[in-house]
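Comments concern the structure below.
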Amino acid sequence: MSNPVLKDAETAPRAANRKGVRSSSSSLNISKYLAYLFLIVLCVIWVIPVIFGITTSFRSQTEVVTTGFRLLPENWIFDNYVAILENTSTAPILRWLMNSVFIATLHTLLVIVVISITGYGYSRMNFKGRDTLFFTLLGISFFPGVVNLIPSYKIIDALGWVNTSWAMIIPGLAGMGNIFLVRQFMKGIPKDLDESARVDGAGDFRIYYSVILPLIKPVLIVCGLFSFTGSWNDFLWPVIVYTDVEKMPVTAGLLLLQDIYGNYRMIGQLMGSAILAIIPTLLLFLFAQKYFVQSINLNAGIKG
């Protein structure tokens, strides 16, 4: 016959363990719910002004002035957008959008070429002073960009690029932040692939183009997204280098719109112009957001 005292002694630790597991599981659930609640609150704080800005673009000027904070308009109108698109003289918003698309797209393509080649040199090639040069340039990149405004403008003026797209496209192609990401991503790719390609007679350019480039696509897409949005949203530099209204990108144009539509005269049209300006980058993020997750893992280029 079994001894009940011994049986109780054996089952007591198991019961204690089960209680400990339940308590830890409940504490984890509470922490998870608190985290969700915090994220929901942040989301609401961020989304409400965006929704209010969108709905304001569909309000009449009378409603904007006479009513206080109201999330949804009483009457939805499209007159603001019609007026925006019809104004092709003082505020050619479609022209500004086309200028921004051209500048940001060409800038992004050149950035991808430059940072991929530079990252290959810093990660796969051996030359004297390689790491010293890299970390020196990386340290210099931490200085505020405003320090370079006057020298950069002097260079652009000397090259005759004032009021041209090149003033927006060429500067910033070799951003050290992007080069750092590409370099670290390439370091996760085994160098055995390089050696195998060299045995087959491939040179550095063939290895870069045929072996490395297909593997670093996720990080290049992420850097491209950063470059596109950075070029699209750049405000201070285009305001400095552009004076011709027809050649301005959309950010510099929005500053001009504050003088045309501001002072509570045409707030709906000003908000409508701002909404049109964010649509391209919003669509870009929606279609390419999965690559952000892939880029978090610096070894995402290698599978299996």
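If you check 174, 167, which single one turns out to be of a type in the set (Gly, Ala, Ser), in contact with a helix residue (DSSP H, G or I) (Cβ under 8 Å, 6 or more places away or on another chain) and assigned to a helix (DSSP H, G or I)?
On the way: 174 fails: assigned to a helix (DSSP H, G or I).
167 is the lone residue from the list that is of a type in the set (Gly, Ala, Ser), in contact with a helix residue (DSSP H, G or I) (Cβ under 8 Å, 6 or more places away or on another chain) and assigned to a helix (DSSP H, G or I).
Quick check, is residue 95 among the basic types (Lys, Arg) and closer than 30 Å to residue 221 by Cβ? Lay out the reasoning, then the answer.
Details: among the basic types (Lys, Arg): yes; closer than 30 Å to residue 221 by Cβ: yes.
Against the criterion (among the basic types (Lys, Arg) and closer than 30 Å to residue 221 by Cβ), residue 95 qualifies.
Only one of 106, 97, 110, 85 is free of Cβ contacts under 8 Å to residues at least 60 places away in the same chain and either under 25 Å from residue 239 (Cβ atoms) or surrounded by 18 or more Cβ atoms within 10 Å (Cβ to Cβ) (or both); which? Full working, then the answer.
Working: 106 fails: free of Cβ contacts under 8 Å to residues at least 60 places away in the same chain; 97 fails: free of Cβ contacts under 8 Å to residues at least 60 places away in the same chain; 110 fails: free of Cβ contacts under 8 Å to residues at least 60 places away in the same chain.
When all the criteria are applied, what remains is 85.
Being in a helix (DSSP H, G or I), among the small types (Gly, Ala, Ser) and closer than 18 Å to residue 266 by Cβ is the filter here, so list the residues in the stretch 77-128 that pass it. Let's see the steps before the verdict.
Of the residues in the stretch 77-128, the ones in a helix (DSSP H, G or I) are 79-86, 93-124.
Narrowing further to those that are among the small types (Gly, Ala, Ser): 83, 100, 104, 116, 119, 121, 123.
Hit for the stretch 77-128 is 83, nothing else.
Considering 279, 216, which residue is surrounded by fewer than 16 Cβ atoms within 10 Å (Cβ to Cβ) and within 24 Å of the chain's Cα centre (by Cα)? Don't jump to the end; show me each part of the working.
On the way: 216 fails: surrounded by fewer than 16 Cβ atoms within 10 Å (Cβ to Cβ).
None of the others qualify; the one that does is 279.
Could you check how many residues of the stretch 177-213 are outside any helix (DSSP H, G or I) and within 31 Å of the chain's Cα centre (by Cα)?
Residues meeting the conditions: 4.
Yes or no: residue 115 surrounded by 14 or more Cβ atoms within 10 Å (Cβ to Cβ), in contact with a Pro (Cβ under 8 Å, 6 or more places away or on another chain) and farther than 20 Å from residue 250 by Cα?
Judged against the criteria, residue 115 is not a match.
Which of the following residues is touching a Cys at 6+ places or on another chain (Cβ under 7 Å) and either more than 26 Å from residue 285 (Cα to Cα) or at pLDDT 85 or above (or both): 178, 163?
On the way: 163 fails: touching a Cys at 6+ places or on another chain (Cβ under 7 Å).
Step by step, each of 178, 163 is checked, and only 178 is touching a Cys at 6+ places or on another chain (Cβ under 7 Å) and either more than 26 Å from residue 285 (Cα to Cα) or at pLDDT 85 or above (or both).
Can you tell me which residue among 245, 211, 219 is in contact (Cβ under 8 Å) with a residue 40 or more places away in the chain, in the same structural domain as residue 289 (by TED's automatic domain parsing) and touching a Leu at 6+ places or on another chain (Cβ under 6 Å)? Show your work before the answer.
On the way: 245 fails: touching a Leu at 6+ places or on another chain (Cβ under 6 Å); 211 fails: in contact (Cβ under 8 Å) with a residue 40 or more places away in the chain.
Answer to the selection: 219.
Restricting attention to the stretch 222-241, report how many residues are of a type in the set (A, V, I, L, M) and either surrounded by 21 or more Cβ atoms within 10 Å (Cβ to Cβ) or not assigned by TED's automatic domain parsing to the domain that holds residue 97 (or both).
Looking only at the stretch 222-241, we keep the residues that are of a type in the set (A, V, I, L, M), and these are 222, 225, 236, 239-241.
Still in the list and also either surrounded by 21 or more Cβ atoms within 10 Å (Cβ to Cβ) or not assigned by TED's automatic domain parsing to the domain that holds residue 97 (or both): 222, 241.
The total comes to 2.
Across the stretch 129-148, what is the number of residues that are farther than 22 Å from residue 184 by Cα and exposed (fewer than 12 other Cβ atoms within 10 Å of the Cβ)?
Residues of the stretch 129-148 farther than 22 Å from residue 184 by Cα: 144-148.
Those still in the list that are exposed (fewer than 12 other Cβ atoms within 10 Å of the Cβ) too: 144, 146-147.
Adding up the residues that qualify gives 3.
Among the residues of the stretch 26-68, write down those that are touching a residue at least 24 places away in the same chain (Cβ under 8 Å), of a type in the set (Lys, Arg) and assigned to a helix (DSSP H, G or I). Even if it seems obvious, please write down each step before you answer.
Going through the stretch 26-68, the residues touching a residue at least 24 places away in the same chain (Cβ under 8 Å) turn out to be 53-54, 56-61, 64-65.
Adding the requirement that they be of a type in the set (Lys, Arg) leaves 59.
Of everything in the stretch 26-68, nothing turns out to be touching a residue at least 24 places away in the same chain (Cβ under 8 Å), of a type in the set (Lys, Arg) and assigned to a helix (DSSP H, G or I).
The values are calculated or read from the model by the stated rules, or taken from the named source; none is laboratory data. Keep in mind the model is a prediction, meaning the values are calculated, not measured. When we count neighbours, we look across all protein chains shown, and the Cβ atoms used for this are built from the backbone with ideal geometry, even at glycine.
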